[in-house]
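Participant: After the structure tokens below, expect a handful of questions from me.
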Ligand SMILES: *Cc1c(COP(=O)(O)O)cnc(C)c1O
């Protein structure tokens with residue numbers, strides 16, 4: 001079917017499978033992937049992503065909210081789905097106990113062994129696993145490495161205490177993407193992979209011990225809706241923040257900050273690709289549209305496709321996120337609900 005949308009996200013499921021195979025190379029034998037598909041699979045579309053993962057043998061998922069889990073179930077995703085954050089449910093549910101080993105976000109403090117063991121004995125909870133979260137696994141500063149090693153030790157201390165009173169601690173997991181990349185020696189039941197599964201690193205500034213051959217899964221596309229020539233000195237978009245200093249050929253593109261393309265990329269020389277050729281965004285990015293300079297782009301017509309995030313270096317999620325002062329996790333997960341995934 002011909003795609004006539006104004007803006008959309010394309011996902012490359014072959015790249016997803018490729019990334020999974022890359023990730024598996026770093027994992028310890030006996031460890032399985034728990035695919036983190038929260039926030040609509042970091043903007044990729046959680047059902048599309050989870051379906052593919054089911055097809056290639058992944059049956060463990062993590063989400064952030066109950067409704068994200070329900071959406072997967074309603075679309076026939078099979079396997080276990082762990083809700084990582086706050087939620088209210090009835091009783092007789094299976095749970096994983098979160099242990100606070102230093103992030104100080106959620107979880108029972110590692111030192112409160114009595115309380116942790118009490119949870120295992122609660123009548124209406126079935127504790128099936130236990131986990132912690134590393135908060136600085138992406139750094140190679142000595143102090144941070146020591147801190148991370150301390151977190152890992154604290155977690156295993158808790159496991160030991162539980163097992164000493166004859167209780168099976170259940171499935172154990174510690175690492176997210178950077179935990180795996182930088183501490184691959186950890187042996188657990190699951191690795192909770194989010195961002196690297198989608199083929200990108202969080203930031204170019206991160207420390208990465210073993211680089212994987214990752215391929216970006218997502219591309220963000222929109223269309224050229226208007227082409228016009230402007231005179232020397234003409235201003236463009238809200239606030240007249242951009243003024244031309246020669247004749248220019250410009251085009252409007254059918255995507256804006258309400259679709260998740262960051263507004264703070266206005267006048268930052270952010271690049272997009274038009275028929276494979278570079279063009280830069282000029283003037284303020286609007287809610288539903290933005291404007292690009294196509295003076296040097298050849299053979300461009302209304303309806304042509306503009307790629308804003310994708311595999312090419314200049315529009316890589318890492319580069320776009322860096323220009324916007326954020327990490328790829330935020331950039332991708334904020335891609336709007338009103339654009340289709342295909
Ligand atoms: C979001 C999240 C993850 C996934 O993190 P990535 O860095 O994207 O791999 C793993 N574990 C927990 C607890 C999370 O909140």
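The values are calculated or read from the model by the stated rules, or taken from the named source; none is laboratory data. It should be emphasised that the depicted structure is a prediction, and the values quoted were computed from it without experimental measurement. Here Cβ is always computed from backbone atoms with ideal geometry, including for glycine, and neighbour counts include all displayed protein chains.
Participant: Please work out if residue 168 is without any contact (Cβ under 8 Å) to a residue 40 or more places away in the chain, away from the ligand (no atom under 13 Å from the Cβ) and assigned to a loop (DSSP other than H, G, I, E, B).
Facilitator: On the way: without any contact (Cβ under 8 Å) to a residue 40 or more places away in the chain: yes; away from the ligand (no atom under 13 Å from the Cβ): yes; assigned to a loop (DSSP other than H, G, I, E, B): yes.
Considered against the rule, which asks whether it is without any contact (Cβ under 8 Å) to a residue 40 or more places away in the chain, away from the ligand (no atom under 13 Å from the Cβ) and assigned to a loop (DSSP other than H, G, I, E, B), residue 168 comes out as yes.
Participant: Follow-up question, since we're still on this one. So residue 56 fits all but one of (1) crowded, with 19+ Cβ neighbours inside 10 Å; (2) in contact with a helix residue (DSSP H, G or I) (Cβ under 8 Å, 6 or more places away or on another chain); (3) over 21 Å from residue 327 (Cβ atoms); what number is the exception?
Facilitator: (1)
Participant: Working only within segment 176-205, note down all residues that are more than 22 Å from residue 18 (Cβ to Cβ) and either out of contact with any strand residue (DSSP E or B) (no Cβ under 8 Å at 6 or more places or on another chain) or part of a helix (DSSP H, G or I) (or both). Steps first, answer last, please.
Facilitator: Our first condition is that a residue be more than 22 Å from residue 18 (Cβ to Cβ); within segment 176-205, this holds for 183, 185-189, 205.
If the condition is that a residue be more than 22 Å from residue 18 (Cβ to Cβ) and either out of contact with any strand residue (DSSP E or B) (no Cβ under 8 Å at 6 or more places or on another chain) or part of a helix (DSSP H, G or I) (or both), then 183, 185, 186, 187, 205 are the ones that fit.
Participant: Tell me which of these residue 220 doesn't satisfy, since it passes every other one: (1) farther than 30 Å from residue 251 by Cα; (2) away from the ligand (no atom under 16 Å from the Cβ); (3) crowded, with 16+ Cβ neighbours inside 10 Å.
Facilitator: Condition not satisfied by residue 220: (1).
Participant: Right, here's the next one. Would you tally the residues in segment 127-142 being over 14 Å from residue 203 (Cα atoms), in contact (Cβ under 8 Å) with a residue 40 or more places away in the chain and part of a loop (DSSP other than H, G, I, E, B)?
Facilitator: Number satisfying all stated conditions: 4.
Participant: Output the number of residues of segment 104-126 satisfying the condition of being within 16 Å of the ligand (Cβ to nearest atom) and free of Cβ contacts under 8 Å to residues at least 40 places away in the same chain.
Facilitator: If we filter segment 104-126 for residues that are within 16 Å of the ligand (Cβ to nearest atom), which is where we start, we get 104-108, 110.
From what's left, free of Cβ contacts under 8 Å to residues at least 40 places away in the same chain: 104-108.
Here the count works out to 5.
Participant: Shifting gears a bit: Is it true that some residue in segment 313-320 is away from the ligand (no atom under 15 Å from the Cβ) and part of a loop (DSSP other than H, G, I, E, B)?
Facilitator: Looking only at segment 313-320, we keep the residues that are away from the ligand (no atom under 15 Å from the Cβ), and these are 313-316, 319-320.
Remaining after also requiring part of a loop (DSSP other than H, G, I, E, B): 316.
Yes; the residues of segment 313-320 include at least one that is away from the ligand (no atom under 15 Å from the Cβ) and part of a loop (DSSP other than H, G, I, E, B).
Participant: In segment 256-291, what residues are touching a residue at least 60 places away in the same chain (Cβ under 8 Å) and under 21 Å from residue 230 (Cα atoms)?
Facilitator: Once the filter is applied, which keeps residues that are touching a residue at least 60 places away in the same chain (Cβ under 8 Å) and under 21 Å from residue 230 (Cα atoms), segment 256-291 yields only 289.
Participant: For segment 1-105, which fully contained strands (runs of 3 or more DSSP E) count at least 1 residues that are closer than 24 Å to residue 220 by Cβ and modelled with pLDDT of 95 or more? Spell out the reasoning first.
Facilitator: Working: elements: 7-11, 32-36, 60-63, 80-83, 93-100.
Output list reads 7-11, 32-36, 60-63.
Participant: Right, another one. In segment 261-278, which residues are in contact with a strand residue (DSSP E or B) (Cβ under 8 Å, 6 or more places away or on another chain) and part of a loop (DSSP other than H, G, I, E, B)? It would help to see each step written out before you state the result.
Facilitator: Taking segment 261-278 as the starting set, the residues that turn out to be in contact with a strand residue (DSSP E or B) (Cβ under 8 Å, 6 or more places away or on another chain) are 261, 265-275, 278.
Those that are in contact with a strand residue (DSSP E or B) (Cβ under 8 Å, 6 or more places away or on another chain) and part of a loop (DSSP other than H, G, I, E, B): 261, 266, 267, 268, 269, 270, 275.
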